[in-house]
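The values are calculated or read from the model by the stated rules, or taken from the named source; none is laboratory data. Computed from a predicted model, the values in this text were never measured in an experiment. Using ideal geometry, Cβ is built from the backbone for each residue, glycine included, and neighbour counts are taken over all protein chains shown.
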Amino acid sequence: MNIKSCKVRFIFISFIFFLIPSFLFAQKLNWQNLDLQKDGVFGVSTERAYKELLKNKTGVKVKIAVLDSGIDINHEDLSAVIWKNDKEQKNGADDDGNGYIDDVNGWNFLGSSIGNVNYDNLELTRLVRSYSEVFRGKDSTQIKTSQRGEYKKYIDLKSKLDSKKVEAFKELASASAVKFIVDSLVEVTGKKNPKSKDFKALKVMDPSEEYLVSFLIQQLKKERFSVLYDNMFQKAVDYYKDQLQYHLNEQFYSRDTVGDNYANVNERFYGNSDVSGPDALHGTHVAGIIGASRTNRKGIKGVADNVEIISVRCVPNGDERDKDVANSIRYAVDMGAKIINMSFGKSYSTDKNAVDEAVKYAMSKDVLLVHAAGNDNKNLEEEFNFPNRFYEDGGLAEAWLEVGASSWKADSTLKASFSNYGKTKVDVFAPGYAINSTVPGSKYEEQSGTSMAAPVVSGVAGIIRSYYPKLSAVQVKEIIMKSCVPFNQEVIVEEKSNTLKLNFKNLSVTGGIVNVYEALKLAETY
């Protein structure tokens with residue numbers, strides 16, 4: 001699943017935690033590029049690096065593939081950095097002979113001539129559906145001895161799916177109730193888009209109404225009611241409706257739209273050239289963090305200044321499929337990407353070997369893979385997360401970076417509350433909280449998640465590969481890890497309803513935050 005900005009449920013319940021401090025607005029929401037010593041926030045020192053280390057230097061163009069939900073290639077802050085396949089034209093023919101017709105800006109493995117996939121199941125749902133074809137309606141007495149292991153898996157997975165359905169139903173009821181209260185308050189104001197003063201004038205007695213009014217008054221000082229309503233209250237309801245209708249629904253099946261032979265994991269040539277797809281918000285946001293124009297005086301500044309972004313669509317609203325991920329990696333490599341950003345992940349994998357083989361192919365072509373660690377606040381030493389660098393047949397991908405998300409303060413809140421972590425499974429942390437970036441329609445929006453942290457690292461890698469092009473992917477990874485700014489203090493970690501304080505150095509291999517300024521100084525010595 002494209003790793004949503006943060007858990008909608010968490011955002012919904014913890015309104016006040018997500019209020020953005022005033023300094024972020026003063027810095028034009030560019031905090032991820034700022035410097036801890038100079039600016040007082042734990043960014044990656046991008047601006048300092050450009051001013052002090054890269055001034056008057058010229059780099060080479062670096063292709064970075066964004067494997068995601070799609071990208072708005074016409075966005076005002078992205079159009080200049082979108083990769084163009086010079087050997088291909090929009091003419092209905094495969095001009096470059098690579099098997100993909102009209103792939104001028106990339107490829108979409110979630111569509112065909114009849115349309116595009118938007119929603120899909122979770123991998124858990126797909127597994128239960130697959131097992132159900134064999135075991136539905138049977139009890140343990142009707143199962144052959146040879147099938148007992150698989151039957152046990154089916155019962156376990158079905159129990160987990162049922163639990164998720166119950167949880168989603170409860171959350172939908174809760175979100176709908178809060179939205180109902182907000183709707184009632186708005187109706188009392190008599191205005192379609194009330195302002196802070198309109199809510200101040202209300203007389204409320206109920207504690208839940210009082211809390212909501214207090215929250216609305218504060219938040220409306222920063223954004224319009226219509227934006228707040230859509231992004232928080234309506235989005236929460238829609239999120240849980242989508243879970244029940246699509247993600248967790250065994251009866252929903254979307255693959256017919258693609259028209260491939262899904263059982264054939266070796267099939268390569270399917271899809272269409274629509275690299276934006278029906279919902280490009282997540283991918284567009286990721287792309288902007290990496291390489292939004294730094295010189296056009298519009299919107300935001302991406303991390304990297306000399307990149308071309310290849311859009312490869314393989315992530316639906318739901319869990320990505322291993323076949324599509326494998327083909328997307330291969331396509332990106334063949335099109336010349338030197339860095340591949342993968343801001344997605346899931347708890348189950350049905351064709352891990354297919355993805356592993358694609359990863360091995362990327363390794364053979366000197367490509368760096370950057371992957372988001374996930375937003376479930378899980379310890380990856382104990383929980384599975386796919387894809388990952390560990391091959392099913394043994395060994396691992398050396399040029400792979402697993403990225404956790406950090407917040408801006410050098411204190412106990414440095415670990416973003418939602419971020420997965422792991423002493424040996426997560427390599428580095430990078431800014432991933434309240435990151436302002438591009439969204440479709442030449443607009444801008446804050447998102448939080450390891451989905452945002454990974455492209456920060458991809459951008460840093462892009463700078464290094466641009467200004468030091470002779471360095472290998474493994475060397476770039478090594479430089480990024482060795483140059484992290486360590487943080488040897490305790491941070492808050494919520495674990496199974498308990499609030500713990502763990503030393504940040506034990507949450508990843510490096511125990512630090514990525515820093516491009518230090519990375520470039522180190523690269524100079526290679």
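Couple of notes before you dig in:
- Residue identified as surrounded by fewer than 21 Cβ atoms within 10 Å (Cβ to Cβ), at pLDDT below 95 and within 30 Å of V62 (Cα to Cα) among R268, R297: R297
- Restricting attention to the stretch 113-135, the residues that are exposed (fewer than 12 other Cβ atoms within 10 Å of the Cβ) and without any contact (Cβ under 8 Å) to a residue 24 or more places away in the chain total 1.
- The single condition among (1) touching a residue at least 24 places away in the same chain (Cβ under 8 Å); (2) in a strand (DSSP E or B); (3) touching an Asp or Glu at 6+ places or on another chain (Cβ under 7 Å) that V493 does not satisfy is (3).
- Residue check, F169 closer than 30 Å to Y119 by Cα, among the hydrophobic types (A, V, I, L, M, F, W, C), assigned to a helix (DSSP H, G or I) and modelled with pLDDT of 95 or more: yes
- Cβ pairs under 8 Å, 6+ apart, first in the stretch 192-208 and over 20 Å from D230 (Cα atoms) and part of a loop (DSSP other than H, G, I, E, B), second at pLDDT below 95 and among the acidic types (D, E): V204/E210
- Test: residue in the stretch 494-503 that is surrounded by 24 or more Cβ atoms within 10 Å (Cβ to Cβ) and at negative phi: no
- Some residue of the stretch 451-464 being part of a loop (DSSP other than H, G, I, E, B) and either under 26 Å from L29 (Cα atoms) or in contact (Cβ under 8 Å) with a residue 60 or more places away in the chain (or both): no
- For the stretch 366-381, a residue qualifies if it is outside any loop (DSSP other than H, G, I, E, B) and of a type outside the set (A, V, I, L, M, F, W, C), and the qualifying residues are H371, N379.
One line per residue, one yes/no per condition, for (1) buried (at least 19 other Cβ atoms within 10 Å of the Cβ); (2) at pLDDT below 95; (3) touching a Pro at 6+ places or on another chain (Cβ under 9 Å); (4) among the polar types (S, T, N, Q):
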{"residue": "F12", "(1), (2), (3), (4)": "yes, yes, no, no"}
{"residue": "A26", "(1), (2), (3), (4)": "no, yes, no, no"}
{"residue": "Q32", "(1), (2), (3), (4)": "yes, no, yes, yes"}
{"residue": "G40", "(1), (2), (3), (4)": "no, yes, no, no"}
{"residue": "V44", "(1), (2), (3), (4)": "yes, no, yes, no"}
{"residue": "R48", "(1), (2), (3), (4)": "yes, no, no, no"}
{"residue": "N56", "(1), (2), (3), (4)": "no, yes, no, yes"}
{"residue": "V62", "(1), (2), (3), (4)": "yes, no, yes, no"}
{"residue": "V66", "(1), (2), (3), (4)": "yes, no, yes, no"}
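For every residue, the table says whether it meets (1) at pLDDT 95 or above; (2) more than 28 Å from D376 (Cα to Cα).
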site: S448; (1), (2): yes, no
site: V456; (1), (2): yes, no
site: A461; (1), (2): yes, no
site: A473; (1), (2): yes, yes
site: E478; (1), (2): yes, no
site: E494; (1), (2): no, no
site: F504; (1), (2): yes, no
site: N515; (1), (2): yes, no
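- Hits in the stretch 366-404 (condition: over 21 Å from the mean Cα position of the chain (by Cα), on the phi < 0 side of the Ramachandran plot and loosely packed, with under 15 Cβ neighbours inside 10 Å): E382, E392, D393, L396, E398
- Among the residues making up the stretch 498-526, a single one is of a type in the set (F, W, Y) and part of a loop (DSSP other than H, G, I, E, B): Y526.
- Restricting Q234, Q219, Q243 to residues that are under 20 Å from Y433 (Cα atoms) and not assigned by TED's automatic domain parsing to the domain that holds A65 narrows the list to Q219.
- Filter result for D279 (in contact with a strand residue (DSSP E or B) (Cβ under 9 Å, 6 or more places away or on another chain), in contact (Cβ under 8 Å) with a residue 12 or more places away in the chain, buried (at least 17 other Cβ atoms within 10 Å of the Cβ) and part of a loop (DSSP other than H, G, I, E, B)): yes
- Residue match in the stretch 451-462 (condition: crowded, with 19+ Cβ neighbours inside 10 Å and in contact with an Asp or Glu (Cβ under 8 Å, 6 or more places away or on another chain)): no
- Flag if V333 is part of a loop (DSSP other than H, G, I, E, B) and in the same structural domain as G459 (by TED's automatic domain parsing): no
- Odd one out for H75, checked against (1) touching a helix residue (DSSP H, G or I) at 6+ places or on another chain (Cβ under 9 Å); (2) of a type outside the set (D, E); (3) outside any loop (DSSP other than H, G, I, E, B); (4) farther than 14 Å from G271 by Cα: (3)
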